[in-house]
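Just so it is clear, none of the values below were taken in a lab; they were calculated from the coordinates. Everything quoted here is computed from the prediction, not taken from an experiment. Ideal geometry is used to build each Cβ from the backbone, glycine not excepted, and the neighbour counts take in all protein chains shown.
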Amino acid sequence: MKNTKSLIQFVVLLSIGVLLIWLSVRKITAGEKAEIIHAFETADYAWVLIGMGISLLSHFLRAYRWNYLLEPVGQRVNLFNATCHVLIGYFANYGIPRMGEVSRCSLATRYDKVPFEVALGTVITERIVDFLLFLVIFFITLAVQFHSLIGLANELIFDPLRAKMTTVGQTRFS
């Protein structure tokens with residue numbers, strides 16, 4: 001019974017995946033297809049492997065950090081499982097934004113016996129820390145690159161807006 005259920009679940013999920021891929025690629029023109037093939041033929045796969053390695057290291061470190069947050073509340077997730085939970089969570093975010101956090105907590109509850117509320121609390125704590133670090137990096141960047149950013153804002157936003165407002169004002173009052 002359990003094997004049949006798992007097989008049906010696998011077939012349904014695989015079918016949904018194939019359907020989504022087909023929906024993504026069905027309107028690609030022949031020219032675009034040739035460009036995609038050319039990009040794959042001329043890609044430097046050493047950089048692809050380096051990028052994949054950095055990405056996997058990042059996911060592993062996120063799983064390690066999550067485990068570190070679980071320890072004070074008396075919980076522990078196998079590091080391999082935690083990494084898999086993080087990866088599945090990222091995958092779930094492709095379908096429904098923020099579903100990854102919920103799926104990570106559900107997986108920890110199901111496979112590692114971590115209470116859902118505890119897992120969710122640590123994930124929320126992670127998000128708060130991530131947001132605070134983002135703000136710190138944003139303000140440091142703003143302080144260090146202010147001259148360049150204000151020049152870019154003038155060039156791309158304020159000058160065109162000023163020109164458009166001048167044109168509208170001249171047309172309206174003429």
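When both region 83-111 and region 9-70 are represented by their alpha-carbon centers, they are found 17 Å apart. Here each label is just a point 7 Å from Cα along the line to Cβ, and for residue 102 and residue 158 those points are 4.3 nm apart.
Taken along the Cα-to-beta-carbon direction at a fixed 7 Å, the label points for residue 26 and residue 126 span 3.5 nm.
Only the Cβ atoms of Lys and Arg (+1) and of Asp and Glu (-1) were treated as charged; on that basis the dipole of the chain about its Cα centre amounts to roughly 600 debye. The phi torsions of region 117-127, fed into the Karplus equation with coefficients 6.51, -1.76 and 1.60 and a -60° offset, translate into couplings of 4, 5, 4, 5, x, 5, 5, 5, 4, 4, 5 Hz, rounded to whole numbers, with Gly and Pro shown as x.
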